[in-house]
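Trainee: The structure follows.
The values are calculated or read from the model by the stated rules, or taken from the named source; none is laboratory data. Just so it is clear, the model here is predicted, and its values are computed rather than measured. A quick note on method: Cβ atoms are made from the backbone with ideal geometry, for glycine too, and the neighbour counts reach across all protein chains shown.
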Amino acid sequence: MNTYQHLISGGVSGFASAVVLQPFDLVKTRLQQDNKFHTRNSIASNSGTRVVSDSLGSDAVPTTKGSTKGAKGPSIPRVFMKIWREEGRLALWRGTGATLAR
């Protein structure tokens, strides 16, 4: 292979991997942002019970005060489905242009 073939094959493979893997990168970023900025909200009540939920569509699970046992956090499939339902399927490729520009 000559230099131009290497250049073209590297560009094509980089493009293909960016397009195919972009939805996973978006979900990873959303999970990281949720854990960093939108940690679980808890609403304390007089009875000592709180509700655990987050912004990525986890199930709200009542727990006893100080316990998160049984709480379901955001998972990759849940985040995929939330983006698909609320933002549309093309939203999974949001940011692809910036990725390809690098």
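Trainee: Does Lys65 satisfy being at pLDDT 55 or above and over 11 Å from the mean Cα position of the chain (by Cα)?
Mentor: no
Trainee: Ok, one more. Return only the number of the condition from (1) modelled with pLDDT under 75; (2) loosely packed, with under 11 Cβ neighbours inside 10 Å; (3) under 22 Å from the mean Cα position of the chain (by Cα); (4) of a type in the set (Gly, Ala, Ser) that Gly73 does not satisfy.
Mentor: In the conditions (1) modelled with pLDDT under 75; (2) loosely packed, with under 11 Cβ neighbours inside 10 Å; (3) under 22 Å from the mean Cα position of the chain (by Cα); (4) of a type in the set (Gly, Ala, Ser), Gly73 misses (2) alone.
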